[in-house]
Structure formats: structure tokens, C-alpha cells
Amino acid sequence: MSRLASRVIALVGVFVLTITGLVTASVAWAAPQPEAGTVLSTTDITDRRDAKVAGAGKVIAMTYLSEDPKGQLIPVRGTVMIPAKAPRPGGWRVLGYAHGTAGLGDQCTVTGRMGFEGRYDDWLGPWLKDGYVITATEYAGIGGPGVHAYLDGEVSGKNVLDSVRAARTVVAQQGGSTSSGYITSGASQGGHASLWSASLAGTYAPELTNVGGVASSPPVNIADYFQLLRPGVPPVAVPDYVTYFSYVMAGLKVARPDLDVDSYLTPLGRKVVEDAKTLCYPNQGRATRGMNVGQLIARPFDQGPLIPALREATGVPTSGYGAPMLVQQGTLDPVSFAPLTTQFVDEMRTDGADVDFRQAQAGHGLGAWAETEALQWSNAQQWPGR
């Protein structure tokens, strides 16, 4: 082979490699990026024991993408319940349901077994019978990668909104259609998540129409009373309060790994908080029976960075609500204190929120009547196409 021919072949090789590299780079650059709310998988569990709530025609377990505390998209589990009732003109309305405290561990899932012994029939059944698709998230870290950051409001709020996005895809896959309008609702931890969802709706999910939000017994301003905690205080055992405390501390450790939470805890406190990562609510309650929070604390919580970090992670915005809100509160609530909720609602109103605040002589669990009241309130709002 002549020297000229060798050079020609070499130049052709370089040209081919360059073009191949440019095409590969172009394809990589153009490849679609995963988006929040993308459905990764679905399973029809309608006939599975304990899956079906009264009024549901189909029940679909799903995995979808949503954010974790680091802002990364991860697989999150959830369940979509499609009504047996035919949709309204314009499609079924959507309820983004945020469940209450069940635990942080992977086995502490709730949404795929809401039909157990009819426990949710009185709570969520009326929504289904009225023609609402219900989408319920497990929250990031429960039954999926990572550890659940309990009461990290921004994460749970986005998890709820992404479940609404995902539910619309799931319903379409099943041959149905949904309205662009949705409402969120939840109690306790779910009330906290529902508030965050409503405050984020306009900026995080602007393609959807947030009709309103419902929050029952929401834990707001919890840093205000956690800052009173110190060694030996409180000195009495309050039923389930150690469980709640342990979940808050475990969630803070996930949300703020840079914070030395253990330095505020006694050896017993560290064990209880470590157990909270895996023990679901009933088991953690049994494991901590007879303990009091004061036993778990090694130094005052108002010293150092703990309270500012807790306030940042768990605090709820008082502004940003572009749709009406219904807040329900028990005056005898031993966990989410009525005076703190009243103060929070006053701040929301000062910041321009439209809040319907209703109180009842009740404790932390308001009962199924609260969801029935929420449904009536929801139907009175302005829905797209109405």
C-alpha cells in the first residue's frame, strides 16, 4: 500500500470516529431526562385482599418518581383508586391523599391495604362514591430507597403533588380521564403534607389546577414546643408521645445529616430513635410504653443548632396558598396543640390565605366525619369546567 493511500485511510478513519462521536454526543444530549411524576410501574391489585375501599372500581399500585431530601428523583410507592362511578363531564376529580403517621420503615406501608376490615370505607369511601380518583403516596423512603424523612414538609408535599401527576397517567392507561383540578387532604402527618402541597402547588405543579387543600390536626410550629424540652422534661409518660418524638428526631437526622442529633440524646434516647427507623407505629408504641420524653434527652434542645434546623425542616409556610384551605382542629388535641394551630391560621390569613378554620371538641383523631365534612367543602369549591 502506498504512503498516500495509508494517509487517506487514516483520514477517513478519523472522520468516521469524529462523526460517530458527534452523533453519540447529540443523542445523549437529546435523550429525555426523567421527570417528577413519571410512572415507573403499575400493578392491578383490585382483587387483592384488603386493597379495595368501598366505592372503588379498580385499585392500582404504582411506583413513580419524586424527590428525596437531597432533591434527587427516586422511586416512590403509591396507590391509585379509580371510582366505580362514571366520571363527571371533563373527567374524574382527583384527591391527593396524604396518610397519617404509620412509621418510617419499609414495612410501614399503608396505601395498598386501605381496604383492611373496611377501616377506610367511612373515611375515603364517600370520595370514591362521589366520583373522585384517590391517589395516595407512601412518601419517599417508605417501601423504597432511602429512609423516610418524617415531617420534612417540602419532600412530602412534592411526593403528594407528584402522585397526582402520576395518577393522571395511571387513569389514562386504564382508559379513563381526569380533570386538571385536584384537591389534597390529610390528617396529622398527612395534614402537614397537605399544607405543604398546597403552598407548593403554583410553583411546583403549575400545569395542574389546585382547587384547594384540607389539613386536619396538622403538626405546625412544632419547634416552638420542642425548644422547651430538656433533661427530665417532660417527666411524665404521655401515651404514644415518645413514639411521635422518636419519629421527629429520626426524620430530622435524615433531613439534616450534618446535624449531630445524637449529642442531644441519652443512650436510651439514641436507641429509641434508632429503633424508630424501622419499627412501625404500633410496635414502636409497645417498645416505648412507660417511657417519658425527658428520659431521652441529654441536654436542652434550645442550645445550639437543633431547634433552628428542626424549624427549617418541619416548619410550614404561611404564604403561597393560591387556593382556599380548610383546616380542622380538635381543641383537646394532645399532639398538635390547638393554640399553635390557631396561631398558624392567623398567620396564614395575615399573609393573604383564604382559610376556613373549624374547631371541634375532640382529640388528635377527629374521626370519619372530618373527611365527610372535607368532601362537602371540596364540592363547594370552583372546579375546572364547572
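Here is a check on your reading of the model: is residue 373 charged (D, E, K, R), closer than 30 Å to residue 231 by Cα and not in a strand (DSSP E or B)? So residue 373 does not fit the description; no.
Every listed requirement among (1) touching an Asp or Glu at 6+ places or on another chain (Cβ under 8 Å); (2) among the β-branched types (Val, Ile, Thr); (3) modelled with pLDDT under 95 is met by residue 76 save one, (3). Looking across region 150-169 at every residue that is over 10 Å from the mean Cα position of the chain (by Cα) and among the hydrophobic types (A, V, I, L, M, F, W, C), the one that is surrounded by the most Cβ atoms within 10 Å (Cβ to Cβ) is identified as 167.
For the structure I just gave you, tell me whether residue 120 is assigned by TED's automatic domain parsing to the domain that holds residue 165, within 24 Å of residue 365 (Cα to Cα) and in contact with a helix residue (DSSP H, G or I) (Cβ under 8 Å, 6 or more places away or on another chain). The answer is no for residue 120.
Checked across region 340-353, the condition of being surrounded by 15 or more Cβ atoms within 10 Å (Cβ to Cβ) and assigned to a loop (DSSP other than H, G, I, E, B) holds for at least one residue. Taken as a whole, the condition of being surrounded by fewer than 24 Cβ atoms within 10 Å (Cβ to Cβ) and in contact with a strand residue (DSSP E or B) (Cβ under 8 Å, 6 or more places away or on another chain) applies to residue 202.
Only one of the listed residues (191, 186) is closer than 22 Å to residue 166 by Cβ and touching a Pro at 6+ places or on another chain (Cβ under 6 Å). That residue is 191.
Pairs meeting the criteria (first residue in region 211-237 and over 30 Å from residue 123 (Cα atoms), second residue among the acidic types (Asp, Glu) and surrounded by fewer than 20 Cβ atoms within 10 Å (Cβ to Cβ), beta carbons under 6 Å, at least 6 apart or on different chains) are 227/302.
The values are calculated or read from the model by the stated rules, or taken from the named source; none is laboratory data. Source: prediction; values computed, not measured. When we count neighbours, we look across all protein chains shown, and the Cβ atoms used for this are built from the backbone with ideal geometry, even at glycine.
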